[in-house]
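Visitor: Here you go, one structure.
The values are calculated or read from the model by the stated rules, or taken from the named source; none is laboratory data. The shown structure was predicted, so the numbers you read here are calculated from the model rather than taken from an experiment. As a convention, Cβ positions derive from the backbone with ideal geometry for all residues, glycine included, and neighbour counts pool all protein chains shown. For the accessible areas, the whole protein counts, side chains as well, though only heavy atoms, and no ligand, DNA or RNA atoms are used. Shrake-Rupley method; radii C 1.70, N 1.55, O 1.52, S 1.80 Å.
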Amino acid sequence: MSLNTFGHLFRVTTWGESHGPAIGCTVDGCPPGVALTEADIQPWLDKRKPGQNKFTTQRKEPDEVRILSGVFQGNTTGTPIQLMIENTDQRSKDYGDIAGAFRPGHADITYHQKYGIRDYRGGGRSSARETASRVAAGGVARAALAALVPGLRITGYMVQMGVKGIDRSRFDAGEIERNPFWVPDAVAAVEWAEYLDALRLSHNSVGAVIEVVAEGVPPGLGAPLYGKLDSDLASAMMSINAVKGVEIGEGMASAALTGVENADEIRMGSGGPEFLSNHAGGILGGISTGQPVVCRFAVKPTSSILTPRQTITQGGQDTDLITKGRHDPCVGIRAVPVGEAMMACVILDHLLLDRGQTGGVRGRIG
């Protein structure tokens, strides 16, 4: 299988399967001299790891990362960084019933149609377990960004679960890490807990929308047409398992706006240009404006549920299938740190691209 690498200068190749001995990634293109240890990466993996509460899969994985190469005496060397995370709580027997049948909503049938062979244990390569490798790579990207752009901050949170959205008038960034849903709305957190608990107990699941914001992004990242920052962000987010839609700034809602409403007006401030709104999500013409970069993505409901669903076998017979195993009733919860990681990787990649093309030189205003 090819195409397991993303990025231009900061390149990440993930490897491994859900029920194999380990998963991991190779990170190439990280600048040398960046302070990096496992302790810099582990907190982000801890944020994503399974089994932390009743609203996520009960698979118990410590997700402890090991740095195998590319770091010497606590600093990156500029050579490929190899990261490994062992799988310790696989339960492959749960998937025996689906060895010869295709789970509806999963990639089982498309992997079989394309390759003629598939790892049915938890989805193999198509499993969301792969995203732990992305989060590890994102930890490397964050360390490099902290050294190159100290004021840059990336924050992800859920803004919708099923039909329930947040009330932005109650937006409280401090609430994000105080509830299991990474939601910046204390009232919504309580309502969502009851909502998801009922779905979980009825053997059902639900989708979600995650918003990721990068503040302190310098202007000038990205390039016109085929090197746009927003197109690379959209591609990175869409590559996350179960993501079915991505938008930047107002996104789809911009279709309902007029030109007067949508254009972000500009005034000259004491420190340079100041935008009076941010409908564009911090990107114009594929290039960052210096405003917060705002990206949202929609995650579909978990397809592995205990409710019988109609499908077919590999032999072409109709059958009903119940997917056993330990699964997230709302995979969007653990997608939050994955979205943050992809944002970090893309921004670092474009920062390095810009340094190579322009050397950081900017057109003067005022």
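Visitor: With runs of 4+ DSSP H residues as the only contributors, calculate the mean residue ellipticity of the chain at 222 nm using -39,500 (n - 2.57) per run, divided by the residue total and rounded to the nearest 500.
Guide: Only helices count here, giving -8000 deg cm²/dmol.
Visitor: Could you work out the relative contact order of the chain? I mean the mean sequence separation of Cα pairs under 8 Å and 6+ apart, divided by the number of residues, in percent.
Guide: 22
Visitor: Now for a different question. Could you tell me which of the pairs Lys228/Lys300; Lys164/Lys300; Lys49/Lys324 are separated by over 24 angstrom between their Cα atoms in the structure shown?
Guide: Violating the 24 Å Cα-Cα cut-off are Lys228/Lys300.
Visitor: Mind sorting out which of (i) 53; (ii) 58; (iii) 49 is the real percent of Cα pairs over 26 Å apart computed from the coordinates?
Guide: Label (i) holds the value from this structure.
Visitor: Return the carbon/sulfur percentage of the accessible area of the stretch 166-315, one whole number, probe 1.4 Å, all protein chains in place.
Guide: Ligands and nucleic acids excluded, carbon and sulfur reach 56 percent.
Visitor: Of the listed peptides 351-361, 113-123, 225-235, what is their order by residue-averaged count of other C-beta atoms within 10 Å, with the highest listed first?
Guide: Result, highest mean Cβ count within 10 Å first: 225-235, 113-123, 351-361.
Visitor: So if I take the centroid of the Cα atoms in the stretch 61-87 and the same for the stretch 184-243, what is the distance between those two points in Å?
Guide: What the calculation gives is 27 Å, centre to centre.
Visitor: Moving on. Which shape class, rounded, prolate or oblate, goes with the stretch 66-166 when its Cα gyration tensor gives a ≥ b ≥ c as root eigenvalues, a/c under 1.5 marks rounded, and past that a/b bigger than b/c marks prolate? It would help to have the intermediate numbers written out before the result.
Guide: Numbers: a/c = 2.80, a/b = 1.54, b/c = 1.82.
It comes out oblate by the Cα gyration axes.
Visitor: With every protein chain left in place, what is the accessible area per residue of the chain in square angstrom, probe 1.4 Å?
Guide: 47
Visitor: Another one. How would you order 303-315, 9-21 from highest to lowest mean count of nearby Cβ atoms within 10 Å?
Guide: With the highest mean Cβ count within 10 Å placed first, the list reads 9-21, 303-315.
Visitor: Highest mean first, how do 134-142, 264-272 rank when packing is the count of other Cβ atoms within 10 Å averaged over residues?
Guide: Averaged packing, sorted descending, gives the order 134-142, 264-272.
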